[in-house]
Each structure stands twice: as C-alpha cells, then as structure tokens.
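Below you'll find the structure, written out as structure tokens, and then a few comments.
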Amino acid sequence: MPRLKLFYRLIVRPLFREPIRLALMVLAVALGVAVVLAIDLAGNAAAGSFHSSMESLAGGNDLEVVAPGGAPESVVATLAEQPHPLRITPRMEDFAVDTRTQETLSLIGLDLIAEGSRYVSESGVAAEDSRNRQTIEESIQELEDPKSIWVSPSLGVKPGDHLKLLINDAVQDCIVRGVLPQSSANESVILMDIAAAQRALNRHGRVDRILIKLPENANIEEWRKKLSELLPAGVEVRPQGAGTQENRKMLAAFRWNLRLLSYIALVVGAFLIYNTISVSVVRRRPEIGIVRAIGAGRNEVLAAFLGEAVCLGLAGALIGVPLGRIMASGAVKLMAATVDSLYVSSRPGAIGLSWSSVALALAVGVGVAVASALSPAREAMQVSLTDAMAQGRREYIAQTHKGRDLIVAAILGALGAFAARMPAFAGKPMFGYLATILLIAAAAYAMPALVNFVSQLAAQALGKLLGVEALLASRSLAASLRRTSVLVAALATAVAMMVSVGIMVGSFRQTVVAWMNDQLPADLYLRPAGDPAADRHPTISVELPGKIAALPGVAAVNRLRAYEISYNGMPATLASVDLRVLRAYRNSNFFSGRPAAQVLGQLRGQNNVIVSEPFSYKHHVKAGDTIALSLGEYRASFRIVDVYCDYASERGYILMDRDVLLKYLPDPAPTNLAVFVAPSTDVDQVRKEIQEVAAGHRILIFSDRDLRKEAVRIFDRTFAITYALEAVAVVVAVMGIAGALIALVIDRRRELGLLRFLGAATGQIRKMILVEAGLLGLLANLAGFALGYFLSLILVFVINKQSFGWTIRFHWPFAVLLGALTVVYLATVISGLYPARVAARLNPLEVIHEQ
Amino acid sequence: MENDDLPEERAAVRRMAILSLQAVTKEYASEGQCVRALDGVSLEVSAGEFVALVGRSGCGKSTLLHVAGAMDFPSTGLVLIGDKNTSALNDAQQTELRREKVGFVFQSFQLLHTLTVQENVELPLLLAGNPAAREAALERLHWVDLDGLGARYPHQLSGGQMQRVAIARALAHSPRILLADEPTGNLDSTTGAAILDLLVRLTRERKTATIMATHSPEAAAVCDTLVRMRDGRIEEITRR
C-alpha cells in the first residue's frame, strides 16, 4: 500500500496536472485499440467465422458429394442403392433475389416429400398452424406445387403470403407455405422442393450437392474413399463443409492484410507512448535523483515508469473497447461488401464482443504501452544520482548518438531491402511484412539525423522568411531532438502508410482501368438483375442470345458461362467464351507476349485453357502445364496455353472454349452476354431494341462505360475501409502532436516567459508554436513521403503479389497524394492552435519566478 | 571611470527621472487570500542612477521590478516610464514599451541554450523587428568584454560570462531602464564583483536608470541610491 500511495503521488497525480494532454494520449491509445478491435470483430463477423450461406439446413451430415456444374441425378440413385444405412440428401443450391428488398437470399431445394418431415414439421408455429388446418392430400399438393416456398423468419412474411423472387433472369411468384425456425446464423433462406428448384433454376437432371449422413462411429475418411470409387471420376466426395473451409482459406489473406493495416494506428500510438514516457523521464530526472537518494531502488524506478505506461494503456484500452465495438458496426458492412464482390457470397454474422475480445484489446493496449515504455523506463532506472540534476543531458545523448543511429538505420534498411526480395512463406508475404517493419524502424533511427539536418538547414532560411519566431521554433525543435524525432517518426509512419497505400491503391486502380479498356471491347453487356458477387452466376434464358443476335444493329453476341469449381482445395471460377467472337474482337495480349489471335486459336475445340494471373500464382501453374478438372461427372486434363491479366476476382479464372465446355457440361444457358453493335449503328437504339426483346426477363444492360463506372465504384468501396484505417492512424498521430506540443510548451514555459520579458508579443509566442507545429508537419510529411514511396514498392510488388497474385503497374496518384499530404499538414498546424494559445497565455512572471 | 563622476553631475542627471512609481500598491490572490506585495511604494529613478533594492526574501523587491518594467500592473498608484502610465497601456503597447525602454537581467542568467551568444543578444532586437540586430549585438558584446565569443553556446561559457551575455542582451536595444534581479546571486564573490563593476560602468556610460534587487552588501555598497524594503513598503531611501 505505501508503494501504491507513492506511485499515486509521484506518477498518477502529476498526470492529472495536464488533463488535456493526458486526455489526448489516452484517446490516441483508445483509437489504436479500437481500430484493432473493430477490424478483428468485423473481420470475424464478415469473413473469419465465414459460414457459407449454402450450409443452411445442412447440419449434421458427414460427407458431401459435389461436381462442378452439378452432379447427375444418377449419382443419387447410385448412393441410395448401396447396402449401407446411409442418409442421402440431394440439394439444389443457388440464389434468389427478394424483389421487395432486392436482398439476395440463399435458395435451397430439398426433396421435401422424402425429407419434409425434418424441415417442415420443425418449421415453427406458423407452419404448424397452417399444417393443422390441412388434410394430408392438401399438404402433399402444397409440397408438389412449384410455387410453394418456406422462408426464414427474417423475411417477415407469413404463410399464405405471396413473394416475388428473381431466380436467374425471371421473376417467379411464390406462395409462402411456412416459416422456418429461427436459425442462430442470421440467415435468410428460401426453401423449396427439389423438383421445383430444378425447374426454377432450369437445371433438370442435376443436383448441386448431395449430403451424406454416415452410420454412427463410421470412419469418415474410409467412407469417403469407398464412396469415391463408386462414383464417376469428376464427382468429388469430401467432408461436409469443405467448401466453407476453402472459402475461409481464401479469405484468410484478405483478413490478414486488413488486420495488419489496423495495427498502424497502434504503431503510431506506440511512438506516442514512447514519447510520453521519455518526456516524463526527462522532466522527472531531479525527482528520480531525490527518490533514489532517499532509498528507492533502480527496479522501483523502472516499475514506476512502466506503471505509468500501464495506466495510459489500460485507460486507453478501456475506452477503446466500446469505441471498437461501435466502429465494428461500420467496418463489418464495408468488409462484407468486399467479401461479396471479390470472394464469395456471405452474410456477415452478428458482431460478438466476447470476453476474449475484451481481454485481447486490454492486452494489446497495455502490452503496446509497456513495450513502448520499456526503453525510456530502463533509462530512468539507470540515471545516476549525480546525473539526475544535470539539465539537458538527455538531449545531448540524442545529439551524440545521431551517427550511430544512422548506421543502425542503414543496416535495417539493407535488411529490409533483402527481406523484400524473399519469396512468400507459407503462402503469406511474411518477409514483405518484415521488410515493412524494418523500413519503418530504419526511418525511426534515421529521424534524429534528418530532423537535425533539416531544422538546422531551415533555421536561417525560415528566420529570414518568417522572422525570429521561425528561427526560435526551428532551434527549439533541433534542441529537443529526441522528442522531436519521436514525434516526427510517429506522424511520418502514419503519413508513410497513407502515401504507400495511396500509391498502391492508385496504381491498382489505374491498372484496373487500363485493363478494363482492353477487356471490355463490346458495346453492351448483359447479366441477370440482382447484386453481383464473385461466386454467384445466375443464368440468362437460352433463347435470348439468339434473339438479340438477330437484331439488325447487332454484329455479334458473345456468350460467357461461369461455374464455381474447387481446384486444389481452393475456390476458382471456370468460364467459357465463344471464341469465334472473342477472336474477332479481343485485343489484349497475354503474359507470353503472343498476340491474342494466336493464343485463343489454340483453345478452339481443344482441351486447352488460359488461366488468370491469380490462378497461376496461387496454384503455381504456368503456360505449358497440364491441369486436371472435374466437369460434371467427368474428369479431364487441360493444357494451359497462356496466362492472362485479370483483376475481376481474386479467386482465379480458368477460361476455355464454349464448345469444349458444353461437351462436359451441356447446359447452354449463358451467365453474361457481350453485344457488339454493327458499325455505324446507334448503340442507344440497339439498347432499346434489346430491352424490347428481353421484355419479361430481368436483365441488366450496361454500356462499356457503365460497366467501367460500376467496376470503379466497387473498387473504391473495397478500399474505403483502407482509407478509414489510414485516417484513424493520421488522427492518432495528429492528436499525439497536439499533446506533445502542449508538453513542449509546458516544459519550455521558462523560455516562453523570458521571451515576454525580452519584448516578445503574445502573437509572436503564438506564431512560434504554430511554426513549430508546421515544421513538425513538414518534417513528417517529407520523411513520410520518402518512407511511403519505399513502402509502396513493397506493397505493390511484394505484399500484393504474394497475397493476391496480381501484377500492378506502378502509378503516382499525384492529386490524391498532394491532397492527402496537404490535409495532414494543415491538421498538424491546426493541432498547434491550442498549445499556441496555452503558450500565449502563460504568465511570464509566474514561470520566471518558478526558476 | 564613470562611477568617479562628480556628485554635481550625478545630481543633475538624477533630476531627469525616467522611472517614477507613485503610491504603488500591488495585491494578488494566493490560495483565496489577498496578499499585498507592494504597499504605497513611491520611487523616482533618473538616467545614470544606480539603485539597489535590499530587504528580506518576499519583501517585494521582485514585484517592484516587475511593475517597474511594465511586466505587471500596479493595483493602485502610478508607474510612469518616461511620460507613459503603464496601467493605461494595453498588452501590445506594454510590449512595445518594454522593447524600447526596459532591459532585464536575472539571477539565473536566463539565456536560451538553443541560441549562440550573439543570437541571444540579437533576440530582443529581432523580436522588435530591428534589421540591424547583428551589428548591435556585436557592439553590446564588446561593451561587456566578450568580443570573439559570439559563436559560442551558453553552456560553453562560465557563469560570469553568461551573466555578461545576459547584460549585453538586456542592453541590446539601448533601454532607458535596466532592471536586474539578483544578478550576482549565482556567482562567486570575485565574479560577482566584476559583474557589479560592469553594471555600474554601463549605467554611467549609457545613462540608463538601473534598479538592482540584491541581498549582497557588496552590491548595495556600489549603488547611488539604497532602497530598503520591508513587507512591501519602502523603509528607507539612502542617496549617496
């Protein structure tokens, strides 16, 4: 207790003497913790606990049978004929859009006559009531009625209601027969009889998945092998939920990168805590001397300063937890939209703030605070009694270590450059991350030399330009070198991440725009209505392309068909195009450098494919390699003839000739159409004609310009969360600067008071502090820009490539960078307003008298 | 030596009072209590006059210096610097007045360690926007016998040299009034004596009105006027 009392008197109480500075520091830590927690919670809800929406009503099974394009119904018969007590559940799985809300819902088709008792009888009071009113015959009629559906309670409809659903390109009027029990997964599901689903989806004779329940205590792997032998080559038997696992694996890189990005604010916060504790140690050197002289040991001094850091970290974390929970609500929407458009259809789960999340946030806040405070606290511990009273020695040390720090910076920089050249480790760009950390550390070590050099250089020039206040400001910054360096390092880190991510996103955006110019040669593009998603491929009625092709203004129609497949345990997209049309119009080149006509000519009618760059990178395949693909019940080998640029999805594409794919999967319905308008024909006129032809079909028509605009919109939405994270890091840094300037004003009050004695006007004092804030901003912008450039090279060419497999062309987004840097600079100057006010209001008599 | 001037000459100079305190009181609140730091103080100081304020700690010496230097307002009474009533001036006008007429010297030198010696001396001139600061600073350093040390930093000087720099800085803008608060308090007796000689010499040469708060009997001995203070009041004025 006596020690706690001492700790309170010597450490905690002085903190409250500067309440605004204390509040800024705590808030800076709180924001850092909040961002980490928010991304963790949102990532977990949107991607981490990814639960495929297709797993609805599929619990309790052991194995699943799947085949790209669907398994033939004969497979169900084969399995059912086995003399084993297996429970076989064939399913149709797709999506439907609720036309009232435009919400995309999972559409599940089950054999309700055979299985209905398991679902419908459990379907809650509403269904129970409706069934009680009916005869068995009426119930069977309802089950067989292709319009009958059963829905999740979240849809807010009751038995007897009509619901218009968009399935593929047609709207179907369905009748709600019952409401399913509330599920814990927050899902919205439409259930219909399997035959009705096949009819609605136009996939006769095929089922999307067959779930198998094995006998009790069966060995799943043995059964998997046994059943695989019974089934056609292309049909895969795997543990139930393997698809979900694949998707989780695919989402891991996305989550991983976002999580790392969320730590930037915390890194910035760490610099600020380091600075706060350093300032605390410098200020209290005489006190350290006194308490050491009257009996305190070195360890007690160490514990006192670490205790101060714990207080800051704990207070920040306690505020950060509720703040993070609030921020997670916003983040989860952005993340879910990205997951949907780039990866896989999913519905974010509820945000769960568990005790473990709270504990993690507290550990992160306190851990980072203690780690940051360790070095200054150790210095405090080593202060000798005779040194304790010596003023200015700390700054002297920073001055004399500049050379050594520069050497350390050079070594760290070289190690960073080396790490950046290393390949991915365990599929993750671990060395890329290491290179980033090393470069940030190198910059931090180089900062004292940089600050000293620039402020000395600037002193005279600024003195002439802005007067004696600027001269004093620059000298003051150079004199408080260590403190200034840490502050500049903190803000520079935030600026660097902003610049590097800005360059990376700008480069990526420019690359995508250039790619779209090559990839979108057609005049009009058609797809079924509803939200697009990377793994949803609703089809267009088979007869529609022919009708459109017959229009007088249409030169050609290209039919694209896409299927979701699993390749080497990872989701991918298999697509086919009409190569005759593609050969005539496609003008992009391939990685081999060969002309498109030559490459695509090799696909025509043959088991040859081209693959997208992410597919090639993920699966380590290249031109000339052979890949084996399951297509329906078949398994066939295809030779990769080339690799092409693709930025549409990170999943990876395999592209083949339409005629070849139809041999294996004979469903002719396309998922997208590209319409080439005849020369000298009005595109708008053709569009109108297509709309007339497509009347009755829910088709969206885009011009190439619309499509580009939509792609850019999705792109910008994808990176919105990135910008938000950067903004928080910059806010944290600017708050740190404000807090540190207040500390600087308080520590230099004697000097400021003296200046008043020497004839300085209050306006001059104010100007001096604002120039200091401006200089800090300038230095941080300069250092941050330089560091950001190098980090952007790592982001573009190492981390992005090793995470997602995309080649991005480097591009300087000048306008964005200039705007962002100006905003940061202005924010830094504005952060100096309050400290400047404090400085101007100091009573010179009091502060001089204190001495 | 100027301090060997004839008494008649000093008497003539004394008649030209450039600082006048008339029934000045200064009160302030401390922990809810009203404290009277100055109580009816009247004093006139003329150009070339060297005044020593003596008395126990807390008797009001520093407060008198502050109101005399337009760093603080009197609660009642008048402080006239030249013909300017400091109470009638706003903050900017007070600053202007200090820039033109007042120089301060402190016990603990109060030099800016981030600036060189020359830059410290230039500082008041630069704050006042004087473009000829460099030349003036070099001249002031010559006055205090510190030629050639302008490029050094304060921590490279001895205590006596630092106080000389502080004096040179206080004289940078040729003030009419020089206020020194215990200027020898942090110095050994030999160095302190040298600083006193310097202050006396400069007071005579530059015709400044110098007021020095001190505890030192040696310092009190070299002044023209000795002012004894007690509990915020002037107990005795001895003119020599």
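Listed values, structure above:
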read-out	value
Euclidean distance between Cα centres, region A:309-337 to region A:631-665, Å	44
Between region A:220-285 and region A:467-528, the Cα center-to-center distance that results, in Å	26
Other-chain or far-sequence residues with amide H under 5 Å of A:VAL677's (modelled H)	A:ASP523, A:LEU524, A:ALA555
For region B:149-162, 3J(HN,Hα) per residue [Karplus equation, 6.51 cos²θ - 1.76 cosθ + 1.60, θ = phi - 60°, Hz, x = Gly/Pro]	9, x, 8, 6, 9, x, 5, 8, 10, 7, x, x, 5, 4
Region A:459-500: C-alpha gyration tensor shape, a/c 1.5 cut-off, then a/b vs b/c	oblate
Debye, to nearest 20: dipole size of chain A, +1 on Lys, Arg Cβ, -1 on Asp, Glu Cβ	4100
For A:VAL207, residues with placed amide H under 5 Å, excluding near neighbours	A:ALA71, A:GLU73
Value of relative contact order over chain A, rounded to a whole percent, pairs C-alpha under 8 Å and six or more apart	18
Gained length - A:VAL542 relative to A:TYR789, 0.36 nm times residue gap less alpha-carbon distance	83.8 nm
Efficiency of FRET between A:SER703 and A:ALA529 - r from beta-carbon atoms, R0 25 angstrom, step 0.05	0.90
Among A:595-604, A:27-36, the order from most to least packed when residues are scored by Cβ within 10 Å on average	A:27-36, A:595-604
Inter-probe distance in nm under a simple model that places probes 7 Å from Cα toward Cβ, at A:ALA414 and A:TYR723	4.1
Karplus (6.51, -1.76, 1.60) ³J(HN,Hα), θ = phi - 60°, over region A:662-667, in Hz, Gly and Pro reported as x	4, 5, 9, 10, x, 6
Check: region A:744-851 dipole with +1 on Lys, Arg Cβ and -1 on Asp, Glu Cβ, in debye	180
Percent RCO, i.e. relative contact order, over chain B, from Cα pairs under 8 Å lying at least 6 residues apart	28
Pairwise label distance in nanometres, A:ARG259 with A:GLU846, each label 7 Å out on the Cα-Cβ vector	5.0
Calculated FRET value between A:ARG298 and B:ASP83, using beta carbons and R₀ = 60 Å, to 0.05	0.45
Inter-chain shielding of B:102-108 (mean C-beta neighbours from other protein chains, 10 Å cut-off)	3
For chain A, with +1 on Lys and Arg beta carbons and -1 on Asp and Glu, the positive-most of A:LEU155, A:VAL364, A:ALA514 along the dipole	A:VAL364
Dipole of region B:100-240, positive direction: furthest Cα of B:LEU126, B:GLY232, B:GLY148, with charges on the beta-carbon	B:GLY232
Farthest toward positive dipole pole in region A:531-697 [+1 Lys/Arg, -1 Asp/Glu at C-beta], among A:LEU560, A:GLN606, A:ALA549	A:GLN606
Helical contribution to [θ] at 222 nm, DSSP H n ≥ 4, -39,500 (n - 2.57), averaged over the protein assembly as shown, rounded to 500	-17000 deg cm²/dmol
Spin-label proximity, B:SER108 to region A:807-851 - amide N less than 15 Å from point 7 Å beyond Cα toward beta carbon	A:844-851
Cα-centred dipole magnitude for region A:531-697, charges only on beta-carbon of K, R (+1) and D, E (-1), debye, nearest 20	460
Estimated distance in nm for a label pair at B:PHE73 and A:GLU18, the labels positioned 7 Å out from Cα along Cα-to-Cβ	3.1
Packing-based ranking, highest mean first, of A:91-99, A:461-469 given that Cβ atoms within 10 Å are counted	A:91-99, A:461-469
For region A:494-501, 3J(HN,Hα) per residue [Karplus equation, 6.51 cos²θ - 1.76 cosθ + 1.60, θ = phi - 60°, Hz, x = Gly/Pro]	5, 5, 4, 5, 5, 5, 5, 5
Whole-angstrom gap from region A:338-366 to region B:138-191, using each part's C-alpha centre	66
Backbone N within region A:738-772 under 20 Å of label point (7 Å from B:TYR28 Cα along the Cβ vector)	A:746-762
Relative contact order, percent, region A:531-697 [alpha-carbon distance under 8 Å, six or more residues apart]	33
Per-residue mean of C-beta atoms belonging to partner chains within 10 Å, peptide B:91-100	3
Length released on extending from A:GLN685 to A:GLN382, taking residue separation times 0.36 nm less the Cα-Cα span	100.8 nm
Long-range HN-HN contacts of A:GLN172 with modeled amide H, under 5 Å	A:LEU165, A:LEU166, A:ILE167
Shielding by other protein chains, A:779-788, mean Cβ within 10 Å	0
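Every number here is computed from the coordinates shown, using simple stated rules; none is lab data. Quantities reported herein were computed from a predicted structural model and do not represent experimental measurements. Ideal geometry is used to build each Cβ from the backbone, glycine not excepted, and the neighbour counts take in all protein chains shown.
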